[in-house]
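Any read-out appearing in this document is the output of simple, stated calculations on the displayed coordinates, not a laboratory observation. From a predicted model like this one, the values you see are computed outputs, not experimental measurements. Counting neighbours? That spans all protein chains shown, and the Cβs are built from the backbone with ideal geometry, glycine included.
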Amino acid sequence: MPQSDTSASSPWRAALAIGALALWLAVPASASAAACLDTATNVPPPSRALAMAAFAQQEHQAFGAQTMDAEGRLTYAGAWEAEDFRATAQDLAPWQRVLGYWKATGVRLRGTDPDAAPDASEPQSIDAALSRAAVIDAPWSAAFISWLAQRAGLGADEFVFSEAHADYAGAAWRAGIEEAAGRATRYAMRACDLMRTPPRVGDLVCQARGTGAGYDTFERIGEVLAARPTGGEALPMHCDVVVGVDATGFDTVGGNVIQSVTLRRLAFAPGTRLLDPSYRPEGCTPGAAGCIDRHMSRQPWSLLLQWR
């Protein structure tokens, strides 16, 4: 994983990094959202956003269509990452599909051959068993999103293909700042406040994971993303891709959600096209009058990566 070089042997690199950080931090957090507030309802998603959503739906079906309802309860169980089951001899097993997602990141999992394509017809061997174990042992939700972006036709100047959600989310945050300042950027997405921005098909909805981490608002996660270099210190995150929107809510698909590619329903607040606050931990207290318990979908959702 690449790291910023701030050693004494490269003082000019350190100075540039510090200067860039100061510039990002000097921009108000709301600046990144300036182009977001009205765009989602007025501008249809681009064709590559629709393609990204379509590929996500295909993978969801290939994994057995695991589904969560609007209350965050598992209503249908699909295949899990460790399974070696194939519907036909030509199909890839779930673990082989996950291995394919990793190839989009350029990261080699220990015990796998980075040049070998998954082969559904190969017999189970020691090498295959090692690859399967490596897949099971490594979180793959960001690899899944990177694979979808690659399949949708995005280039390296438009998306950061990474095993860390924070890498491509941070690039989207910086692209939003560039856009708000009137400077050109080729990056495909901008960072928006999910609680103030209606999602579109192909957009990514994100959360910073970890109880008590404090990264539970758009402004707070933006401060961290702006200061964090690509490949920097880990920031536990998760993102799903939006695959459908209607009058009452939206559907997303995410990888490594309950060890599968899972479709999740998220409801709008009544009378709006914005995420219902009850999904967020501080939205309401489960069991209180009028509060809907969102179970596994009750997360600090805060960030929308919106196609530009």
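Each residue, Ala156 and Arg183, gets one label point 7 Å from its Cα in the Cβ direction; the gap between the two is 2.2 nm. For the range 134-271, the square roots a ≥ b ≥ c of the C-alpha gyration tensor eigenvalues yield an a/c under 1.5, which makes the shape rounded. Sorting the segments 141-148, 262-269 by their residues' average number of neighbouring beta-carbon atoms within 10 angstrom, most packed first, yields 141-148, 262-269. Each peptide in 73-85, 244-256 was scored by the mean count of other Cβ atoms within 10 Å over its residues; highest first, the order is 244-256, 73-85. Under the shape rule built on the C-alpha gyration tensor, where the axes satisfy a ≥ b ≥ c, the range 135-203 is prolate, since a/c reaches at least 1.5 and a/b is greater than b/c. The protection proxy used here, the mean number of other Cβ atoms lying within 10 Å of each residue, ranks peptides 164-175, 228-239 as follows, highest first: 164-175, 228-239.
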